[in-house]
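The values are calculated or read from the model by the stated rules, or taken from the named source; none is laboratory data. Note that this is a predicted model, so its numbers are computed, not measured. Here the Cβ positions follow ideal geometry from the backbone for every residue, glycine too, while neighbour counts run over all protein chains shown. Surface areas here come from the heavy atoms of the whole protein model, side chains and all, with no ligands, DNA or RNA. Shrake-Rupley method; radii C 1.70, N 1.55, O 1.52, S 1.80 Å.
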Amino acid sequence: FVRINSAAGQGARRCGQRLLTSKRTRQRMDSEDVEESQEYRQLLEKIRQRSAIVGVIGLGYVGLPLASTFHSAGYATIGFDADMEVISALERGQSYLEHLPNSTELFRQLSESDKFYATSDMLRLQEVDAILICVPTPLGENFEPDLRYIESCGRSIAAARRPGQLVVLESTTYPGTTREKLLPWILEGDSGSKLGREVFVAFSPEREDPGNKIHQMASIPKLVGGLDISSSNLAAALYESSFEQVIRVRSAEVAEAAKIVENVYRSVNIALVNELKMVLNKMNIDIWEVLDAAQTKPFGFHRFDPGPGWGGHCIPVDPFYLAWKARAVGVNSTFILHAGEINTQMPSYVVQHVQSALNHDMKPLNGSKILLLGIAYKADLGDTRESPAFVIWKLLEESKAAVSYYDPLVPKIKGHLSSQFQFLKGRTGISDDSLPVELASSDCVVVITPHSFFKQEETPPGGRPCSLFAALKSFTGPVVDTRNWVPASWGLKVYKA
């Protein structure tokens, strides 16, 4: 037996009290009177029998694993996507998400299954019992929420809707979106009298971490909040059949806010270490050495690493969604916005270091050849959404530098690009065969996103070939390292940024 009388013990007791409160809240929610319509009872029985048909709109980094999770749980699943290349790849069993565990086998199983079908025909939503929305929620040109994809889904659902369907929004958005925007789109302006009787609507935020080999989708706790009790009950029942843990919250707004808070937490902490990096650099102190030292404290410190800027589909977007909503209710979220300002200025900070490194080599930035290593937003992924590499590239070209890139996971730049990055569409990366020559002719190398295979000396059996290790070790020009990736033992001229 361990006697708990420390602050940590008090924290554990408080945590236990919160869990107990959560259980009591759920019991109250379950015990509240629910007017069970015939549609409600029929859909609940379908979910319990796993005879419900699950539809997932958006078959990308979130939607495809979600569809696979429900398919694996025994549900007939229909995937919807407007991209015909995605539909064609699924029909052929060809993986387009190589970061997924056993992705080749997963795509083959889906293509051969008689319980999975991929289509671009949104009218087939009428066949579906539960519709899960996993579409992008980007920012507009003025950092305002861009809900066009959610609106398109809502109107498509309205066109095909029938009584007895559950609609769950998984796309990250500001609190109130599900009730104030999605529901009217689904009901086509109806007063909402059908909610909880004929149509059921909830929010359950995606928590996908692409490339994470430890936490797979079904093992990540699932938050669920409905627009009413009936919707909460049905959504919870659906996810409980396929996920290890489902946590019900009082409303869709609580679930929406929880997801935003998770990402704002990361945003402000990343901004903190990025600002510390700039401050300590002026003192000639290595931020990474400082973080290594601080991390030895066994409590009260959680490490975040600085970088060239933020990237991905969540962190560069979600804080501005919350800040926009805060302004709408008369609150100025200064702290959140300041963190965003720091993170968005990191690419400029990197370019300043590129210019400084070239100056040490007696070369101007204008006319220099710059090689970017890794342009994905995250290591070991081919995902370039909101990648800081694009901002760095744009700034370098504006300074008249000639830019090329090496990233085998992104052989060609494609997909959705904002208007300021349209000039990059269709650009292709340097191949392994031409890398040594291209590297030798470069004036400066910038390490942005080093994939794990970048340091391999030999290609492992069945592994990805990569000639970077040998070629880079003989490079004589400056290397601007934004990730503390280059070992001192290589003897290169490294400038940490």
V329 label point, 7 Å along Cα→Cβ, cut-off 17 Å on backbone N: hits in region 143-157? 145
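What pairs from K412/K455; K363/K493; K378/K414; K325/K414 go past 20 Å between their alpha carbons?
On the way: K412/K455 22 Å; K363/K493 15 Å; K378/K414 17 Å; K325/K414 31 Å.
Listed pairs above 20 Å: K412/K455; K325/K414.
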Over the chain, with every protein chain in place, what whole percent of the accessible area is carbon and sulfur at 1.4 Å, could you tell me? 52 percent
Any idea what angle helix 103-112 forms with the longest principal axis of the chain, computed on alpha-carbon atoms, 0 to 90 degrees, nearest 10? 40 degrees
Dipole magnitude of region 432-485 about its Cα centre (Cβ charges: Lys, Arg +1; Asp, Glu -1), debye to nearest 20: 200 debye
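What percent do you get for the relative contact order of the chain when only Cα pairs under 8 Å and 6+ apart count?
Value for the chain: 10 percent.
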Rounded to the nearest 10 Å², the 1.4 Å probe accessible area of Y349 is 20 Å²
Would you mind working out the magnitude of the charge dipole of the chain relative to its Cα centre, with +1 at each Lys and Arg C-beta and -1 at each Asp and Glu C-beta, to the nearest 20 Debye? 1200 debye
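Per DSSP H run of at least 4 residues, take -39500 (n - 2.57); add these up for the chain, divide by its residues and hand me the 222 nm value, nearest 500 deg cm²/dmol. List each step's numbers first, then the result.
Working: 16 runs with 195 residues, N = 497.
Computed mean residue ellipticity for the chain: -12000 deg cm²/dmol.
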What are the aspartates and glutamates whose alpha-carbon lies under 14 Å from the alpha-carbon of K194, with same-chain residues fewer than 8 places away excluded? E35, E36, E39, D228
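Given a 1.4 Å probe, how much area per residue of the chain is accessible, in Å²? It would help to have the intermediate numbers written out before the result.
Values: 23360 Å² over 497 residues.
Each residue of the chain exposes 47 Å² on average to a 1.4 Å probe.
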Mean separation of Cα contacts under 8 Å (6+ apart) over length of region 374-426, as relative contact order %: 34 percent
